[in-house]
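Enquirer: Before I ask anything, here is the structure I am working with.
What follows draws every value from the coordinates through simple rules; no lab data is involved. Only a predicted model underlies this, so the values are computations on that prediction, with no experimental measurement involved. Cβ coordinates were reconstructed from backbone atoms using ideal geometry, including for glycine residues, and neighbour counts include every protein chain displayed.
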Amino acid sequence: MNKTIKIHNKSDKPYNIVLKENQAIEKCINIQNSLPDFMKDYFIYLKNAVATSTRLAYLEDIYFFCNYLVNETDLTVASNVKEIKLEEFENIKSRDVNIFLGEYCSRYYKKTKNSLLIFENHNRALARKKASIMSLFKYLYRNEQIKNNITDGFNPIKLPKPQPDAIKRLEIDEVAKMIDAVESGYGLTDKEKLYWNKTKLRDKAILLLFVTYGLRLSELQQLNISSFNFSRGEFKIYRKRNKEVLMPLNKTCETAIIEYIENERPNITGDDEDALFLSLQNTRMTTRAIRELVKKYTSIAMGTTKENGYSPHKLRATAATSLIQYGFSIYDVQNLLDHDNVTTTQLYAAHKKNVKREIVKNFEWLGENE
């Protein structure tokens, strides 16, 4: 029987943020309880060393690796993951991990009651699994639980270098078309217009926040009415690693949000009464619903099918390239979008080269005959 979890929130974080963090922590604890006891020190290290989302991802990868050891190899005599011994882990070689990553993980199978499912991992996913396993083995070595550091023998996993021309984003004129579609209902089917009439102010506010601030999907989904201080012209968001950030509120977004709150958003009570963006069921919009909304309107802007519409992350790229095209420095954009490394922002800055080319092309000091 599942118990209802109630959180006594002593911080100034909104309840929905604290609840989401707690749900991730509970998942971490459940996985840890299924892993061998000799990893306990590593769990303590992980708890304090990385963000909760990263901690959860590492634990999921490590459990997946241990499950592979039990069910696919003779590296352990354990009948389940919990029973794996430290001595067995110490006997694992680099070659064993390389086989796991390079052979098993790239394509593996799972039997269900009625079918056989095929799973594939490409290099980005394999690199994450490698990082998780490497983190564990390095810690066990540093903690003097195993004698050798086998991680130096892990095969490299080459990741493709991001190319500026491959960055998917809306052009400035397509952003205008997208906003026009949400304001007028242009491009929507008759069925979609029935919903649009009830949500157009909400949808407009969502899209404007995405293309103005380059918010991550989770950052927008977690917004509350109390996140906004209209008298001071700012709003608060919670970024990765629980960073609390105040963002300045521009007039366009402020007007769109106030119009939505005053004219369309219902007043409700209960757990979601402070949630900014509500579904038609009067609950906080899910990330899936927001993603579908963005795909719908971006597909209209680009003149393509809904399936080929863009995700919210592409609107983040749109915000970055648009700001740089308008003349803001990459360091300003890096700060606004919360990029850890300026090289990420420089990918978007590469698009400015096209603008320079057009300027020079149309700015000749001498005519053709001179």
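Enquirer: For segment 302-311, just list the computed ³J(HN,Hα) in residue order, Karplus coefficients 6.51, -1.76 and 1.60, θ = phi - 60°, integers in Hz, with x standing in for Gly and Pro.
Expert: With the stated coefficients, segment 302-311 comes to 8, x, 10, 6, 4, 4, 9, x, 8, 7 Hz.
Enquirer: Express in nm, to one decimal, how much length is gained between Ser329 and Ala78 on full extension, taking 0.36 nm for each residue of separation and deducting their alpha carbon distance.
Expert: On the way: separation 251, 0.36 × 251 = 90.36 nm, distance 5.67 nm.
Using 0.36 nm per residue and subtracting the Cα-Cα distance, I get 84.7 nm.
Enquirer: Another question, then. Starting from the Cα of Gln23, step 7 Å toward the Cβ, then list every residue of segment 235-255 with an amide N under 20 Å from that point.
Expert: 237-243
Enquirer: If I model a spin label at Glu144 and Arg232 as a point 7 Å from the Cα along the Cα→Cβ vector, what separation in nanometres do I get?
Expert: 5.0
Enquirer: Which value, in debye to the nearest 20, gives the size of the charge dipole of segment 91-234 about its Cα centre, when Lys and Arg are +1 and Asp and Glu are -1 at the Cβ?
Expert: On the way: 26 positive and 16 negative charges, 167 e Å.
It works out to roughly 800 debye.
Enquirer: Another question, if that's okay. Stretch Glu273-Asn48 to full length: gain in nm at 0.36 nm per residue minus the Cα-Cα span? Mind showing how you got there, number by number?
Expert: On the way: separation 225, 0.36 × 225 = 81.00 nm, distance 3.29 nm.
Extra length available between Glu273 and Asn48 comes to 77.7 nm.
Enquirer: Here is a further query. Separation of segment 189-233 and segment 283-344 by C-alpha centroid, Å?
Expert: 13
Enquirer: Collect residues whose amide H, placed 1.01 Å from N in the peptide plane, falls under 5 Å from the amide H of Glu234; neighbours closer than 5 in sequence don't count.
Expert: Amide H to amide H, under 5 Å and 5 or more residues apart or across chains, Glu234 pairs with Asn229, Leu249.
Enquirer: PRE reach from Ile172 (point 7 Å along Cα→Cβ): which of segment 238-260 fall under 16 Å by backbone N?
Expert: Counting backbone N atoms under 16 Å from the label point, the list is empty.
Enquirer: Counting other beta carbons within 10 Å of each residue's own, what order do Ser79, Ser94, Ser329 fall into, fewest first?
Expert: On the way: Ser79 9, Ser94 16, Ser329 12.
Sorted ascending by nearby Cβ count, the order is Ser79, Ser329, Ser94.
Enquirer: Now for a separate question. Say each of Arg124 and Asn282 gets a label point 7 Å from the Cα, pointing the same way as Cα to Cβ; how far apart are those two points in nm?
Expert: 4.0
Enquirer: Going through the cross-link list Lys138/Lys243; Lys20/Lys129; Lys13/Lys168; Lys130/Lys296; Lys168/Lys251, which pairs have a Cα-Cα distance over 32 Å in this structure?
Expert: Among Lys138/Lys243; Lys20/Lys129; Lys13/Lys168; Lys130/Lys296; Lys168/Lys251, the Cα-Cα distance tops 32 Å for Lys13/Lys168; Lys130/Lys296.
Enquirer: Using the charge dipole of segment 235-332 (Lys, Arg: +1 at Cβ; Asp, Glu: -1 at Cβ; taken about the Cα centre), state which of Asn308, Ile237, Leu249 has its Cα farthest towards the positive end.
Expert: With unit charges placed on the Cβ atoms, the residue in question is Asn308.
Enquirer: Here is a follow-up. Let's test the formula: R0 of 41 Å, r as the Cβ-Cβ distance of Leu86 and His313. What FRET efficiency results, to the nearest 0.05?
Expert: Working: r = 41 Å, r/R0 = 1.00.
Efficiency, rounded to the nearest 0.05: 0.50.
Enquirer: For segment 15-160, rounded, prolate or oblate, judged on the Cα gyration tensor with a ≥ b ≥ c (square roots of eigenvalues), a/c < 1.5 rounded, else prolate if a/b > b/c?
Expert: rounded
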